[in-house]
Amino acid sequence: MRIQPCIPGALLTLCLATVLAGPVFAQSAEDDSEALSLAARRGDAAQIKALLDKGVDVNTKFRYEATVLFYACDRGYVDVVKLLLERGAEVNLRDKFYNSTPLNWAASPASIEDPTEAHVEIVKLLLEKGAQGADQVLVSAARNGNLAMARVVLDRGGVTPETLTSALSTATSGKHEAVVEALRAAGAKPPFLVDAATLATYAGKYRNDQAEVEIVVTEGKLVAVLGPQRIPLTATDATTFQPEGAAGVSVKFQVEAGKVTGFVLTQGGTESTYKRVEEKKE
């Protein structure tokens, strides 16, 4: 008969305590994470500091993989954002619902109608920490006529000429004169002028495996029509256009032997080719 080793009473008690304590510790960690989320939504910097000091991960992900930095940016809690950044909050994460970064949440908050001075300050803090997406913030500011937000981006410099042109076109369309002046002072140039005859050659329907787009000419400008959406296109050269209000996106028409055959849509480094749909003759 094999004799089972004898476990001393004290050791047995310790083993049992370890097994029983596991779920308790896990529950405690979960509770602390939820407390961090709630504190961020309330702007309670003291509670957040206490929880971080306790060991809660500043980059804990919650619903749709948003972190507490997203919540603080959306609500304009400057002190909380400063604390989170000091503790190593990542600034270039993207949530899984809007596919947006904390910078996007600060520049276009969902919690209120328009960004406040606090949101402008947060955008500045995020950019200083290396947040990407300044071009889109500038175009958004131009669209909304937010001079303070536009100046934060312009003062940093490094904005591409294409983005400056897109922002200028957007601000001009919205009649936001103060933003227009700031953009011109920063070197923004008016859109490239394409003659009416050339614009007319681009009009038509284009298609790829995912979608169909119709290009029309309205009041001397190209407009992309996607279902109910009508998106004006601003020329950067004779064949390349940017969707108004969208930084980092371009539409380049392909011309072969004098005939427009399609266009290439570039967004975030990804290219999609659309072929022109030939109209059937009656």
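No value in this document is a laboratory result; all are computed from the given coordinates. Computed from a predicted model, the values in this text were never measured in an experiment. Counting neighbours? That spans all protein chains shown, and the Cβs are built from the backbone with ideal geometry, glycine included.
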Completion exercise
DSSP beta bridges in the chain: the antiparallel percent, rounded to 5, is 100
Completion exercise
Going from the fewest other Cβ atoms within 10 Å to the most, one would list V139, V56 as V56, V139
Handout entry: Rel. contact order, % - alpha carbon contacts under 8 angstrom, at least six apart, the chain
Key = 10
Practice task
Taking Rg and Dmax of the Cα atoms in Å as the quantity of interest, determine which of (1) 26.6, 100; (2) 19.8, 64; (3) 18.8, 59 was computed from the displayed structure.
Solution key: (1)
Completion exercise
The answer for V277, listing residues at least 5 apart or on another chain whose modeled amide H is closer than 5 Å to its amide H, is K205, Y206, R207
Fill in the blank from the handout: Taking I122, I48 and counting other beta carbon atoms within 10 angstrom, the fewest-first order is I48, I122
Problem - For segment 152-192: rounded, prolate or oblate by the Cα gyration tensor [a/c cutoff 1.5] - result: oblate
Problem - Computed FRET value (nearest 0.05) for L226 with K252, which takes r as the C-beta separation and R₀ as 25 Å - result: 0.90
Fill in the blank from the handout: Helix-only [θ] at 222 nm, the chain, -39500 (n - 2.57) per DSSP H run of 4+, per residue, nearest 500, equals -14000 deg cm²/dmol
Practice task
May I ask you to compute the full-extension gain from A211 to S272, defined as 0.36 nm times their residue separation minus their alpha-carbon distance, rounded to one decimal in nm?
Solution key: 20.9 nm
Problem - Axial C-alpha extent at least 24 Å, average Kyte-Doolittle at least 0.5 - helices from the chain (DSSP) - result: 9-42
Completion exercise
Note on segment 118-204: alpha-carbon gyration tensor, axes a ≥ b ≥ c; rule is a/c under 1.5 for rounded, else prolate if a/b larger than b/c, else oblate; result prolate
Practice task
Under 18 Å Cα to Cα from K175, which aspartates and glutamates show up? Leave out anything in the same chain fewer than 8 places away.
Solution key: D114, E219, E244
Handout entry: Three-way shape label, segment 196-277, alpha-carbon gyration tensor, a/c 1.5
Key = rounded
